[in-house]
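See below for the structure under consideration.
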Amino acid sequence: PRLVGWITLGVLLALTALAYARVRRLLRPLDQIRDGAQRFGRGDFSQPIRDTSTDEIGQLASHLNSVSQQLHSLFSTRQQLTALEERNRLARDLHDSVKQQAFAISMNLGTAQLLWEKNPQEARAKLQTAIELANQTQHELTSLIQTLRPAQLESQTLLPALREHLQTWEAQTKILTLY
């Protein structure tokens, strides 16, 4: 009877160890899938889920890797479209303001040149208008360039750069901010 008890205990321990090993073998791929899904959820598609088994868990890992690649492709396409939209917006801004101002400067200078001999006073007025338009154009180009990449961020952290940018903006627009 005592021997049977020891044998039973041994068998139970062996079965418990075997069950633990099988559960661990099942949980390891599930842990990898969980970790991979968390990475994918954060937008990190650099490391696929590594499970080459052909069972259901391996197939799930394969499908998640496929979805990950598709999401990565969609995000890349979205970034490219966003950059294209920004370029188009800048092109519209340049066309709507700077290009038209440059045309107006050219027209005023041409008119001043024609009037120079006949009506010097009117020619000077056209030159003054051209100077004002050139200054306005320079101001708008500076604003567009700063919008693209504020130079302050190259030498400062974000908070001081934002404060400086707000001060410059207040000076240019005469609009006070609360910061």
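Some notes on this structure:
- Scanning segment 113-137 for residues that are polar (S, T, N, Q), over 12 Å from Ser97 (Cβ atoms) and open to solvent by 60 Å² or more (accessible area, probe 1.4 Å) yields Gln113, Asn119, Gln121, Gln128, Asn135.
Let's see how each residue does on (1) over 30 Å from Ala130 (Cβ atoms); (2) open to solvent by 100 Å² or more (accessible area, probe 1.4 Å); (3) touching a helix residue (DSSP H, G or I) at 6+ places or on another chain (Cβ under 8 Å); (4) at pLDDT below 85:
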site	(1), (2), (3), (4)
Pro1	yes, yes, no, yes
Leu30	yes, no, yes, no
Gln47	yes, no, yes, no
Leu60	yes, no, yes, no
Val67	yes, no, yes, no
Thr82	yes, no, no, no
Ser106	no, no, no, no
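- When segment 16-65 is limited to residues that are outside any helix (DSSP H, G or I) and touching a residue at least 12 places away in the same chain (Cβ under 8 Å), the one that is farthest from Arg78 (Cα to Cα) turns out to be Ser53.
- Qualifying residue in segment 91-103 (condition: surrounded by fewer than 12 Cβ atoms within 10 Å (Cβ to Cβ), out of contact with any Lys or Arg (no Cβ under 7 Å at 6 or more places or on another chain) and at pLDDT 90 or above): yes
- Qualifying residues in segment 108-131 (those that are charged (D, E, K, R) and in contact with a helix residue (DSSP H, G or I) (Cβ under 9 Å, 6 or more places away or on another chain)) - the one nearest to Gln167 (Cα to Cα): Lys126
The values are calculated or read from the model by the stated rules, or taken from the named source; none is laboratory data. As the structure is a prediction and not an experimental result, all values here were calculated from the model. Cβ atoms come from the backbone with ideal geometry, glycine included; neighbour counts cover every protein chain shown. Remember, those area values only see protein heavy atoms, side chains included, never the ligands or the DNA or RNA. Shrake-Rupley method; radii C 1.70, N 1.55, O 1.52, S 1.80 Å.
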